[in-house]
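Encoded as structure tokens, the structure appears first; notes follow it.
The values are calculated or read from the model by the stated rules, or taken from the named source; none is laboratory data. Computed from a prediction, not measured in an experiment: that's the story for all the values here. In this analysis, Cβ positions are derived from the backbone assuming ideal geometry, glycine residues included, and neighbour counts consider all displayed protein chains. Just so you know, the surface numbers come from the protein's heavy atoms only, side chains and all, with ligands and any DNA or RNA stripped out. Shrake-Rupley method; radii C 1.70, N 1.55, O 1.52, S 1.80 Å.
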Amino acid sequence: MHELSIALSILDMVALEAIKKQAREVKEIELEVGRLAGVDISALTFSLQTAQRYSPFEKAHVRIVEVAPLSRCRLCGREFSPQKIFDRCPYCRSDNTELVQGRELRLKSILAG
Ligand SMILES: [Zn+2]
């Protein structure tokens, strides 16, 4: 159900973009989903298919771009691929790290007709 509510809010964003672009139809929906966003991509894909049937965007093709996680160590400044959000730096073992990318869940673009 988590993914279904995400799907519904994505379609809301699509509607907003479609209005801004004065689109008559939406052909493609492109999403960016980070691997650490806590979203199951296959569940999201299925939820979107379901939700789209109840929306004006039933025929839109959904493209999901997965974003690989990337962290930066605040101590040594190096970048690495974390397994989880607050991973230690593999170079200096510091826990003073920040996730630069990998948690995004956003509408990247729509292709309007
Ligand atoms: Zn470090």
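The loop-placed GluC sites (Glu not before Pro) in the stretch 21-66, going by DSSP, that have at most 15 neighbouring Cβ atoms within 10 Å of their Cβ come out as Glu25, Glu58. Residues in the stretch 35-43 carry Karplus couplings, in order, of 5, 9, 7, x, 10, 7, 4, 5, 5 Hz; the curve used is 6.51 cos²θ - 1.76 cosθ + 1.60 with θ = phi - 60°, and Gly or Pro positions show x. Shape summary of the stretch 2-112, radius of gyration then Dmax from alpha carbon positions: 17.1, 54 Å.
Summarising the strand pairing of the chain, around 65 percent of its internal DSSP beta bridges are antiparallel. Accessible surface of the chain, 1.4 Å probe: 49 percent of it comes from carbon and sulfur atoms. Rounded to 0.05, the FRET efficiency of the Arg88 and Leu111 pair, given R0 = 41 Å and the Cβ-Cβ distance, is 0.50.
Distance between the pseudo-spin-label points of Asp40 and Glu79 (7 Å out from Cα toward the beta carbon): 3.2 nm. A Förster radius of 30 Å, combined with the Cβ-Cβ distance separating Leu70 from Ile19, puts the computed FRET efficiency at roughly 0.35.
In the elastic network of the chain, a GNM with C-alpha springs shorter than 10 Å, the most mobile of Leu16, Leu44, Leu70 is Leu16. When only the Cβ of Lys, Arg, Asp and Glu is charged (+1, +1, -1, -1), the dipole of the chain relative to its Cα centre reaches about 240 debye.
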